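Before any comments, here is the structure.
The values are calculated or read from the model by the stated rules, or taken from the named source; none is laboratory data. For clarity, every value in this text was computed on a predicted model and none was experimentally measured. In this analysis, Cβ positions are derived from the backbone assuming ideal geometry, glycine residues included, and neighbour counts consider all displayed protein chains. All accessible areas refer to the heavy atoms of the entire protein, side chains included, with ligands and DNA or RNA removed. Shrake-Rupley method; radii C 1.70, N 1.55, O 1.52, S 1.80 Å.
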Amino acid sequence: MDEKDREQARRFANLSYEGFRELAARADLSPYEQIGFPDSVRAGRDQAILDDICAKLPEMAQASKPRTILDIGPGSSPLALRIIDHCQACGHRLWLVDSPEMLAPLPEGPLVRKVAGPFPDCANDLAALVGKADVIICYSVLHYVFADQPLFSFIDAAMRLLRSGGGAMLLGDLPNASMRRRFLASEAGQAFHRSYMGRDEAPNLGVHLEPSGELDDAILFSIIARARAVGSDAWLLPQPPELPMSNRREDILIRKP
Ligand SMILES: C[S@@+](CC[C@H](N)C(=O)[O-])C[C@H]1O[C@@H](n2cnc3c(N)ncnc32)[C@H](O)[C@@H]1O
C-alpha cells in the first residue's frame, strides 16, 4: 500500500449509504474507488471473490435450475458485472438493490431487476420476493449498515425474503475488529502492519474501552444467535487466503431449514 491507498482507506472507512451515492457519481474515481476500495485491494480479485461466493452458495453456482437471487448492495464495480453475467448465463432471475447512482451504470437484461434502496426501506418494492428468494448476497455491506441503521431490522427484513427449505443468505466480507487484533498480535500481523504503514512501528493492541462502531466477535456472534433464534441455521465462515482481506474479514452464512 502506498500513501494514496492509505489515505483512501482512511477516507473510505466511515462511509454511509449517502456517502456511497456521492462516490458513485464521481467520474474521477476508478470503479473500485466508487465502491469504497483502493484499487490495490480489489483489482484482479473479482473472480476469486465470485468463486468463493458460489462455493458458499451452491444454489447460485448451478445452472441446472434457475434461481431467484437478490443482491443487496451490489455496487457497480467489476464484481457486480461478474455476478450479473454469471446469473444471466445460469438463467437466474437477479434482483439488485442499491442507490440509483450505483445501479445506473449496471447493464439491463431480461432477467435483471433493479430496485432503488436503501434496504429495507424499499421492502414494498420487494413484496414479490417475500418467502421466495433462493439466495441473498450481501457482500461487503453490513459494516456500513451497522454504523448507519438498526442492524437486526436489516437482517430480519432480509431473512423474511428467503424461501423455507434451503433459502440461503451470505453476509459476506465482514471486517472483524477482534480478528484483526488477533492477527496484529502475531508475528505475521506485525510484519503486515509495518508494510501497510510503510514505517517501522508496532500496532496499537492496547485495551479498547470505547465502543468503536466496528463489527467484532460479539456483534458477529450476536447475528448468528439472532438468525438461529428466529428459526434459521447460521454459521461463521473463513475466507480463502487468496481474498484480499482474509486475515481480518469473515462471512456469515444463514440458511432457512
Ligand atoms: C463496499 S460497497 C460493496 C459493493 C459490492 N457488494 C462489492 O463487494 O463489490 C457497499 C455497497 O453497499 C451499498 N449499500 C450500503 N447500504 C445499503 C443499504 N442499506 N441498502 C442497499 N445498499 C446499500 C452501497 O451503496 C455500496 O454500493
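Structure notes:
- For the chain, the longest principal axis of the C-alpha atoms and the axis of helix 78-90 are separated by about 30°.
- Taking only protein heavy atoms and a 1.4 Å probe, the accessible area of the chain is 54% carbon and sulfur.
- For the peptides 168-175, 69-76, 97-104, residues were scored by their other Cβ atoms within 10 Å and the scores averaged per peptide; the highest-first order is 69-76, 168-175, 97-104.
- Each helix, a run of at least 4 DSSP H residues, gives -39500 (n - 2.57); summed and divided by the residues of the chain, these come to -11500 deg cm²/dmol at 222 nm.
- Computed from backbone phi with θ = phi - 60° and the Karplus coefficients 6.51, -1.76 and 1.60, the 3J(HN,Hα) list for the stretch 3-14 is 4, 4, 4, 5, 5, 5, 4, 5, 5, 7, 5, 10 Hz; x is used for glycine and proline.
- For the peptides 190-198, 157-165, 79-87, the ranking by packing is 79-87, 157-165, 190-198, with the highest mean count of neighbouring Cβ atoms within 10 Å listed first.
- For Gln239, neighbours were defined as the other residues whose beta-carbon sits under 10 Å from its Cβ, and their charges (Lys and Arg +1, Asp and Glu -1) total -2.
- Across the stretch 174-189, computed HN-Hα scalar couplings (Karplus, 6.51 cos²θ - 1.76 cosθ + 1.60, θ = phi - 60°) run 9, x, 10, 4, 5, 5, 4, 5, 4, 5, 5, 6, 8, 4, 4, x Hz from first to last residue, x flagging Gly and Pro.
- Under a 5 Å amide H cut-off, with hydrogens placed 1.01 Å from N, Leu237 pairs with Asp251, Ile252, Leu253 among residues at least 5 apart or on other chains.
- Rounded, prolate or oblate (a/c below 1.5 giving rounded, otherwise prolate when a/b exceeds b/c) for the stretch 1-40 by Cα gyration tensor: oblate
- All other residues whose Cβ lies under 9 angstrom from that of Leu23 are scored, Lys and Arg at +1 and Asp and Glu at -1, for a net of -1.
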